[in-house]
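Computed from the coordinates by the stated procedures, all read-outs in this text should not be read as laboratory data. What you see is a predicted model, and the numbers here were worked out from it, not measured in a lab.
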Amino acid sequence: MMALRFEVLGRFNRARAARLTLPHFTSETPLFMPVGTQGTIKGLTTKQLEEIGCQIILGNTYHLALRPTSELIDELGGLHKFMNWPRALLTDSGGFQMVSLLHLADITEEGVTFQSPVDGKPMLLTPEESIQIQNRIGADIIMALDDVVKTTITGPRIEEAMHRTLRWIDRCIAAHKRPREQNLFGIVQGGLDPVLRDLCVQGLVERNLPGYAIGGLAGGEDKDSFWRVVAQCTASLPETKPRYVMGVGYPLDIVVCSALGADMYDCVYPTRTARFGTALVPGGVLRLKHQSMSADTRPIDSTCECMVCKKYTRAYLHCLVTKDAMGSQLLSYHNLYYMMQLSRNLHSSIIQGTFPEFVCNFLRNMFPKGDVPEWVCNAMEVAGVDISSCCHNT
């Protein structure tokens, strides 16, 4: 039973442009999801997010369950209503925070035991509990609780986590009470081991889920390993279902993963880097705290159509960044606009058959000297995208 429709509208080799229809919204892929940890993208209103073309927001199950609690959100009509967001929502399972934020998290077959940040008492998050919380929150896409292990770890723990992730998906499916309104995605684990990744993909695909995520990356592994895991998983996941690379948000990574056949991404990077005074631009980043910006009357990016680039100078933003909340708000607005525009451009270039040109222009802007990293060149070769005109490594 699925509450989504996924239609591939165009392709270039492995890259695809699709339409994803969810209960609250229809969006196009490739698709970037900003992270709204506690039902808000820091500093921006839901109206502003609609303005910049944001189609889906990620909420953190763990944080929402602590405050204001999933019971209260449910009582008040679900997270869409609670945060006044008419478009799509995705919630994570809560498992990643248990591991990343808290010491003494202990993973057993039953679930994840961790210390409550409220009173220090031990708490247990099981697959069933994670799904119940997400059912109450009411997002369009919910994530299965998986056994998360950093990719930099080696040895039997990786294999244990992969098999446990497969056992837990059955418990998640059994606990899921709203399959007509919410889509449960499984998460491919297996570290950097191709055999384990294959087994996990196979096991999840057999369960015929509405969509699949590639998990366990963005955790410190080298870029060469990163893209190879993405390439391997996208090659084996179903053509007819969305593929979501979790925690990926650097523009370059999104272009590479899209070329390899991924559809969805999420990351705190665009808004977090904004709070440190950094703007995303075609050439990479612009650090507005830098003294050279203090008298610069140009916009952040003269090619950008966003409200911030139309109305404010670098000099004005230099005055605000890190000193005034308005600075991080304006930069967050610009950075998310940049990510939405990147997603739209990826989509339209695939539809129009100009994807290789788009990728080359993107790389030329980011690496004007032609020093495109070797891992990008290797990934593009596998993706069948010729970047020789902008890459002196090839």
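Each DSSP beta bridge with both residues in the chain is either parallel or antiparallel, and the antiparallel ones are about 50%. From the alpha carbon centroid of region 238-261 to that of region 9-73 is 15 Å.
When shorter helices are ignored and each DSSP H run of at least 4 residues is given -39500 (n - 2.57), the per-residue value for the chain at 222 nm works out to -12500 deg cm²/dmol.
Residue by residue, region 288-296 carries 3J(HN,Hα) couplings of 6, 6, 4, 4, 4, 7, 4, 10, 7 Hz when phi is fed to the Karplus relation 6.51 cos²θ - 1.76 cosθ + 1.60 (θ = phi - 60°); x denotes Gly or Pro.
Scalar couplings 3J(HN,Hα) for region 24-29, obtained by applying the Karplus form with A = 6.51, B = -1.76, C = 1.60 to θ = phi - 60°, are 9, 5, 9, 10, 9, 10 Hz; x denotes Gly and Pro.
Note on region 40-183: along the principal axes its Cα atoms extend 48, 33, 30 Å, ordered by decreasing extent. Largest GNM mean-square fluctuation among Leu89, Leu44, Leu346, using the chain with Cα springs under 10 Å: Leu44.
When the alpha carbon gyration tensor of region 300-366 is reduced to an equivalent ellipsoid, the three semi-axes, largest first, read 29, 11, 9 Å.
Note on region 159-312: Lys pairs 8 or more places apart or on different chains, Cα atoms under 26 Å apart, count 4. Rounded, prolate or oblate for region 1-43? Axes are the square roots of the Cα gyration tensor eigenvalues, ordered a ≥ b ≥ c, and the cut-off for rounded is a/c under 1.5. Cα axes put region 1-43 in the oblate bin.
For the chain, the spherically averaged projection of the C-alpha convex hull amounts to 18.9 nm². Taken along its principal axes, the alpha carbon cloud of region 275-394 reaches lengths of 46, 28, 21 Å, longest axis first. State whether region 354-394 is rounded, prolate or oblate according to the following rule on the C-alpha gyration tensor (a ≥ b ≥ c being the square roots of its eigenvalues): a/c under 1.5 gives rounded; otherwise a/b larger than b/c gives prolate, and the remaining case gives oblate. Oblate. Once you have a ≥ b ≥ c as the square roots of the Cα gyration tensor eigenvalues for region 140-285, tell me rounded if a/c is under 1.5, and otherwise prolate or oblate according to whether a/b is larger than b/c. In terms of gyration-tensor shape, prolate.
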